[in-house]
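Worksheet: one structure, shown below.
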């Protein structure tokens, strides 16, 4: 594997790989699985030195995944990347890692509580895996004491892998992909377009991963200091989650476990940075400047969080009758957590100030709005993204201007740049599909049992990779109690769709449908030919 | 004034109040007609702004009537009731057992007038005054030319068709054994998709006959004036060829079937409520709020989609929803081939990219309006579920909603901020998005002009205070 990595990184044109089976999809899946297996084995090692309960599950999963991934990687080579294949590649990779990522949970019997059957265990494991890799943070785990430390760290690690994207990782170690590589990154990356930091795509991907790793280390150190130097394990686990804007925590009461203003402050800052474009972070590091204030999307993002926090503080203070300090603490943390699509909670228990399902409806609706919007483009957060919301608002304003002057040509500008009509149309299409998916998701989840409030919250949360939702799926609740098994599978699918920003999964499905209809047409044609020949024979 | 005449003998005080407000309306209208000249060229912005002003004035006059007669104690309640009436939204604060015949009839008439104006704007004003293909998404397209060759003929035809359809509804209700007042109120409520019945439990207390008449009436009203036109002319081909009608019927069938598979709901009830929601009428034959979540979500979606173009009902409109689906599908295909030429057609008419973009803008504005409504209602103290439902229902001009409002559209469960928050939502839903956008556009333009003028004045004042020597610039 190491030899392959070296060859991949060093080879200018992939000459040593000639003669292998050409399949970009299998090749990328192979790299992704190999990377996952490293994480599984590392967590198995941690498990062996700590609790030791789930060592076998992690090591076996790691070995099987590593072998399968290594074989796929070794036996295939990236072929020509067509537009149609890019989306199938990304979608297949994510489906594969979601399913394989569930294996450690199944083998460890993490969800074998309360007389759960094998099917339910598998469903819960797939849900947890999808939630982890999509950096959502919704959980079906009821007993947080049962899994060992290694398995819990693996759960956190799923966020970290998924946050920046396993395909970006694959592209980083694969210089053969060229232009197709950028398309792969674009298909996976959050936002309407992806910035190239360097002319080489693989170099861009590597730099993004470097920033990501650096940010994770800084977050871990800051958490460790804020927590009073008490636990490296906790610091690393939470650094994985905040860097990926995930939402998993090793504790049932999430950040509320610490009940510490210092820890909450560090987490708030890290979540805000996690919801900011990593391209900006790279520029800040590389140019040793502070480019944030010059970025209009970042300014809007901060303004949005500020306004939402202010409104909620007032509502909690006046309507929920909390003290001003409790209102500020609960509101700011929750607004940043949901506004960056992280989903961590500072609720110390049901009914505590941080338990936002007990807040007045107005405050919950503001949170719902934040869930829909999400963070900045190029960040690890989910949602529609601030930039898209700006383009949508400007499109709406252009509609206002068109009512006055129907024939006017009015370009849409973001800062000094004019947004091309192609991007505007793509953003509008994305919004429409997002809206349709929310409706279809609500119909599906409510048809499979679930109340409207929880269903609405869960679907918006799943598509925005948020984690906790509203109603019965709030920050102190559990998805297993709120939704039936099929509904959980629907939500898991929505999480993956949301993580890939809708298009890849839908296009992969469309591709499959096209292939199916082509096969049917070929079958009909063959039948017609056969019948003609039979007629001629007669 | 007609309602006042109808009330003579039943409640004379109400009759006098109605006559006074009616006379005031007539005087204002006469003065306006005489003093204000029609503009030589009606620009889109002016037309939309005029539409906005018209609805606002109607609602204010209606509120004056309710407040003047004492049917509702406070002016804000009267405003809500008037807005609900003119916007054909089936929510009410009137206590039917205490309200006089005059007030009930007036409530029905407000819906009828609201429905008529909505049809006239969609079918006559916009396509004739704004002969612009850029606005095709807001108008009725080619088929409108058949019904409306010009403004005067179109108006006359619409009046005859709408009046005839209303009369048919009233006669059908009379044949079912209802009294004249009840038949009139129900007929006006059915034809206009207003949904007002004058009873606290909507149509639940009526027999199968009136319910069947209501269902058929809502179906026709939701399908719009073109359906009535085609039926009146005996032209079945356009009926069959209409993409919008086929989609409307298909959606109704799917909604009915999806609700009817629910174990507690019969096919009849499911069909009735599907038509009621999709036509945005708001009649109810049962308390559907206890039907189960999936059934209520289907009703919410049906209410959001709404009626066909040319109907007095509200919602996003079937045609727009259909075009947007086509546009989204095209966008999905364009991801695979950025240079693909993807055509979206409406009844054989290919729509330009620009029109589709504007439709996209319309849809964004619609969702934003619902979102703002949800936030407004939530902050006004309405529950989360109630806010979402009430906002969609008000913007689609349906009325009944889960939560505080309930299946029969009673507003007593809402506090005054919640009730008042419904008024702009209902009006925005009734006016549709373009006039609303035009209103915002005019405000923005006035604001910019004012800012520019104030800046100019400030610069002038500074120049007067501190005149620069001209030679300094020349030397420099």
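Since every read-out is calculated from the coordinates, none of them should be taken as a lab result. Note that this is a predicted model, so its numbers are computed, not measured. Reconstructed Cβ throughout: ideal geometry from the backbone, glycine too, with neighbour counts over all protein chains shown.
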Worksheet item: For the Cα atoms of chain B, what angle does the longest principal axis make with the long axis of helix B:433-465, in degrees from 0 to 90, nearest 10?
Response: 20
Worksheet item: Going by alpha carbons, how many degrees (0 to 90, nearest 10) lie between the helix axis of B:384-395 and the longest principal axis of chain B?
Response: 80
Item to complete: Provide the FRET efficiency to the nearest 0.05 for the residue B:249-residue A:531 pair, computing r from the beta carbons and using R0 = 60 Å.
Response: 0.95
Practice prompt. Starting with the highest mean, order A:449-455, B:45-51 by the number of other Cβ atoms within 10 Å, averaged over the residues of each peptide.
Written response: A:449-455, B:45-51
Response to the item:
For region B:302-410, shape from the Cα gyration tensor axes a ≥ b ≥ c, cut at a/c of 1.5 then a/b versus b/c, turns out prolate
Discussion item. If you build the convex hull over the alpha carbons only and average its shadow over all orientations, what do you get for region A:433-521? Give it in nm² to one decimal.
Written reply: 6.0
Fill in: Residue-averaged beta-carbon neighbours from other chains (10 angstrom radius) around B:430-442
3
Discussion item. Sorting check: for B:174-181, A:313-320, A:407-414, B:393-400, which peptide has the highest mean count of neighbouring beta carbons within 10 Å, and how do the rest follow?
Written reply: B:393-400, A:313-320, B:174-181, A:407-414
Discussion item. Given the -39500 (n - 2.57) contribution per DSSP H run of 4+ residues, what per-residue ellipticity at 222 nm results for chain A, rounded to the nearest 500 deg cm²/dmol?
Written reply: -22000 deg cm²/dmol
Response to the item:
The alpha-carbon center of region A:345-380 and that of region B:174-188 are separated, in whole Å, by 51
Practice prompt. Can you run the Rg to Rh ratio on the protein assembly as shown? Use alpha carbon positions and the Kirkwood inverse-distance Rh.
Written response: 1.01
Discussion item. Report the per residue volume, in Å³, of the convex hull enclosing the C-alpha atoms of chain B.
Written reply: 211
Item to complete: Quote the relative contact order of chain B in percent (integer), defining contacts as alpha-carbon pairs under 8 Å separated by 6+ residues.
Response: 17
Practice prompt. Highest first, please rank the peptides A:296-305, B:375-384, A:24-33 by the mean number of other Cβ atoms sitting within 10 Å of their residues.
Written response: A:24-33, B:375-384, A:296-305
Discussion item. Between residue A:408 and residue A:310, what is 0.36 nm times their sequence separation minus the Cα-Cα distance? Round to one decimal in nm.
Written reply: 31.4 nm
Worksheet item: How large is Rg/Rh for region B:177-286, to two decimals, with Cα atoms and a Kirkwood Rh?
Response: 0.99
Fill in: Shape of chain A, Cα gyration tensor, a/c cut at 1.5
rounded
Worksheet item: Where a ≥ b ≥ c are the square roots of the eigenvalues of the C-alpha gyration tensor, would you call region B:170-210 rounded, which needs a/c under 1.5, or, failing that, prolate if a/b is larger than b/c, or oblate?
Response: oblate
Discussion item. Relative to 2.2 N^0.38 Å, what does the C-alpha radius of gyration of region A:194-330 come to as a ratio? Two decimals please.
Written reply: 1.21
Worksheet item: Working out 0.36 nm times the residue gap between residue A:512 and residue A:326, then minus their Cα-Cα distance, what length gain in nm do you get to one decimal?
Response: 61.7 nm
Item to complete: Quote the FRET efficiency, to the nearest 0.05, computed for residue A:522 versus residue A:82 with a Förster distance R0 of 22 Å and r equal to the Cβ-Cβ distance.
Response: 0.65
Worksheet, complete the sentence: Site residue A:269, offset 7 angstrom along Cα→Cβ, radius 16 Å on amide nitrogen, limited to region A:327-362, gives A:333
